[in-house]
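Scroll down for the structure; my scribbles are underneath it.
Coordinate-derived values only; no laboratory data. Just so you know, these numbers come straight off a predicted model, no measurement behind them. Note that we place each Cβ from the backbone using ideal geometry, even for glycine, and neighbour counts take in every protein chain shown.
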Amino acid sequence: MTITSTGRPAPSRHRQERPGGRRRAGRRRGHRIRVALVVCLSVLVLATAGAGWLYLKLDGNISTFDSGGVSDDRPRAGSSKGENVLLIGSDARNDGNAALGGGNKDDIGRSDTTLLLHVYADHRHALAVSVPRDTLVTIPPCKLPDGSWTKTQTDTMFNAAYSVGETAKGNPACTQNTVEHLTGLRVDHTVVVDFKGFARLTEVVGGVKVCLPQDVHENDLNPHRTTPGKLLFRKGVQTVSGQRALDYVRIRHGIGDGSDIGRIKRQQAFVASLLKEVKSKGLTPSHLLPLADAATKSLTVDTGLGSADKLISFAMSLKDVDLHNTKFVTLPWRYEGSRVAIVEPDADALWAALKADRTIDGKSATGKKSPTASPTPVSGSGIDVGVYNGTTVTGLAARAAATLTSDGFTVTGTATASSQDHSTTLVEYGPGEESGARTVAAAFPGATLESVTGAGINVVLGQSYASTPTASPTAVPSTVADGARSADDNPCSNLSYG
C-alpha cells in the first residue's frame with residue numbers, strides 16, 4: 001500500500017474509482033468514525049484521570065493511627081479463618097466535631113459505640129458483635145503519648161481503653177489491644193468514625209430509615225433539661241440524615257429503660273438500615289466513590305486501610321455479603337451493679353465459633369468443606385468442669401469450653417493455669433468425682449487423671465490439645481443467637497431492651 005503526503009492510503013490501481021459523490025460520502029463516514037473514536041478515547045482518558053485525581057483526593061482525606069501502639073502480644077495472623085474488623089464510633093470533640101456533638105473541642109476522646117465485625121471466609125456471611133461500653137474487662141498494656149506503656153488494668157470499663165493517654169483524638173490502638181485480649185481473635189483492620197463522618201455518610205446515601213417506639217423530645221437527648229423541649233422525633237418510621245441521624249443513634253434516656261443496652265439495639269437497627277441503603281444503590285465504584293469521599297474525611301484507620309484503593313477494595317470485597325446473612329448480636333452480658341459483666345462460657349463459645357467461621361446457626365462459612373475429624377462424642381450432662389489453659393496458645397480455653405458445652409457439660413469458668421508449660425492435658429478431680437472426671441477425660445484423648453484434695457473437676461489443657469485438629473465447632477450460643485438482628489429485618493422490630 002502506498003501512503004500519500006496527506007497520510008492517507010493512495011487509491012489502488014487495481015480498483016475502479018467510485019463516482020465522486022459516493023467517494024466523498026465514504027470519506028465523511030470514515031471521518032465521523034475517527035472523530036467518534038477520538039471522542040471516546042478522550043472521555044476514557046478523562047474519566048481515568050478523574051478517577052485517579054479522586055483517589056489522590058481520598059488518600060489525602062484518610063488519617064491513620066500509630067501502629068506502634070498495637071501490642072506485640074496478640075493472636076497470630078491467620079488464627080481466624082475469616083476477617084475481623086473493629087468499628088469504633090468516636091465521641092471525640094476535636095476537629096470540628098463539637099459543633100455536632102456538643103461539649104468542648106479539647107475534651108478527652110471517648111468511644112461509646114464499638115462493633116467487632118466478623119466477615120466470614122466465604123464473603124457471603126457477616127456477624128457484628130456489639131461490646132457495651134460499661135462492660136468490665138481487662139485492659140492490657142497500652143502506649144501513652146510519651147512512648148511509655150501502661151500497666152494492665154483489671155475490672156475496668158471497656159470504653160476507658162479509648163481514653164488511655166487522655167488525648168482529644170483518643171487511642172484506637174488501645175481499644176484494639178483490649179478487643180484482641182478479650183476475644184482471642186486477631187483484629188485485621190480498625191476503623192474509627194467520628195460525628196462528622198457519620199453525619200456526612202447518612203447524607204450521601206440520602207437518609208436512613210429508622211423507627212421510634214415513642215415520641216422523643218429534647219430532654220430525651222439531654223436529660224439535664226428541666227422541660228421536655230421541642231419534639232425531635234415522632235413515633236413511627238421516618239428517614240433521618242446528618243444531625244438528626246446523629247441525634248437518633250445517641251438517644252439513650254426516655255426510650256425503653258434508658259440503658260446503654262437499649263441504645264445498642266437501636267444502633268444495630270440503624271446500621272442495618274444504612275447497609276440496606278448502600279446495598280440498594282449497588283456496591284459499584286460509581287456509588288462507592290461518593291460514599292468514600294464523604295466517609296474518609298472523618299475516618300481514622302489502621303495502616304492496612306490507609307489508602308483509597310485499599311479502602312475501596314475492602315468495601316468491594318463485601319459486595320456479595322447477603323443482608324439476611326448479616327447478623328447483629330451483643331456480647332453475652334449481665335448487670336453487675338451499675339456495670340456490665342461478661343457471661344461465661346457463652347462469650348468464649350461465641351469467640352470460638354467466630355474463630356472457626358461458624359455462622360449463627362452452626363454452619364461452616366469457610367467456603368470449603370471443614371475437616372470432620374473429631375473425638376468420639378461424650379455426654380457430659382450433669383457434670384460441672386472448670387477449664388484452664390496450660391499453654392501459651394491464645395484462645396485454647398475458649399475452644400475447649402465450646403466443645404464441652406456442645407457435649408452437655410456445664411463449664412463453670414475459663415482461666416489461665418498457674419503454669420503454661422503443660423505438654424499433655426490433665427484432668428484434676430476431688431473426692432467422689434472420679435467417674436465424672438473419666439467422662440471429661442474421654443473428651444480429651446490422651447488426657448491423664450489426677451486426684452486432688454480440692455472439690456470439683458478441672459481440666460488443664462496441654463500442648464497436645466493445642467496440636468489436635470479442631471473438632472467440628474459449635475454454633476453461636478443460643479443465648480446470643482436468640483436476640484440476633486438481621487440486616488433485612490423490619491426497622492421497627494426488636495428495638496429496645498427494657
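Each residue of region 112-123 was assigned a 3J(HN,Hα) from its phi angle through the Karplus curve 6.51 cos²θ - 1.76 cosθ + 1.60 (θ = phi - 60°); the sequence is 10, 10, 9, 10, 9, 9, 9, 9, 5, 4, 7, 6 Hz, with glycine and proline shown as x.
Less than 5 angstrom separates the built amide H of V343 from those of W333, R334, all sequence-distant by 5 or more or on a different chain. Taking a ≥ b ≥ c as the square roots of the eigenvalues of the Cα gyration tensor, region 174-243 is classed as prolate, since a/c reaches at least 1.5 and a/b is larger than b/c. Here's how it looks for T330: its modeled amide H is under 5 Å from those of S130, which are all 5 or more places away or on a different chain. Each Lys or Arg adds one and each Asp or Glu takes one away; over the other residues whose Cβ falls under 15 Å from the Cβ of T453, this sums to -4.
Label separation (S493 vs T167): 4.3 nm, computed from points 7 Å beyond Cα along the C-beta direction.
Note on T239 and K319: with the Förster distance fixed at 35 Å, the Cβ-Cβ geometry gives a FRET efficiency of about 0.90. Taking amide hydrogens as placed 1.01 Å from N in the peptide plane, the amide H of L232 sits under 5 Å from those of V216, H217, E218, each at least 5 positions away in sequence or on another chain.
Shown in residue order for region 231-246 are the 3J(HN,Hα) couplings computed by the Karplus curve 6.51 cos²θ - 1.76 cosθ + 1.60 at θ = phi - 60°: 6, 8, 9, 8, 4, x, 7, 7, 10, 10, 7, x, 4, 5, 5, 5 Hz (x for Gly and Pro). Residue ranges 326-335, 140-149 sort as 326-335, 140-149 when ordered by packing (mean number of other C-beta atoms within 10 Å per residue, highest first).
Highest-first packing order for the peptide set 120-128, 263-271, 208-216 is 263-271, 120-128, 208-216, based on the mean count of other beta carbon atoms within 10 Å.
In terms of the Cα gyration tensor, with a ≥ b ≥ c the square roots of its eigenvalues, is region 128-251 rounded because a/c is under 1.5, prolate because a/b exceeds b/c, or oblate? It is prolate, given that a/c is not under 1.5 and a/b is the larger ratio. Peptides 419-431, 153-165 ordered by packing proxy, namely the average of other Cβ atoms within 10 Å per residue, highest first: 153-165, 419-431. Centroid-to-centroid, using Cα positions, region 213-276 and region 125-185 are 27 Å apart.
Each residue of region 301-307 is assigned a 3J(HN,Hα), and the resulting list reads 10, 6, 5, x, 10, x, 9 Hz, derived from the Karplus form 6.51 cos²θ - 1.76 cosθ + 1.60 (θ = phi - 60°), x at Gly and Pro.
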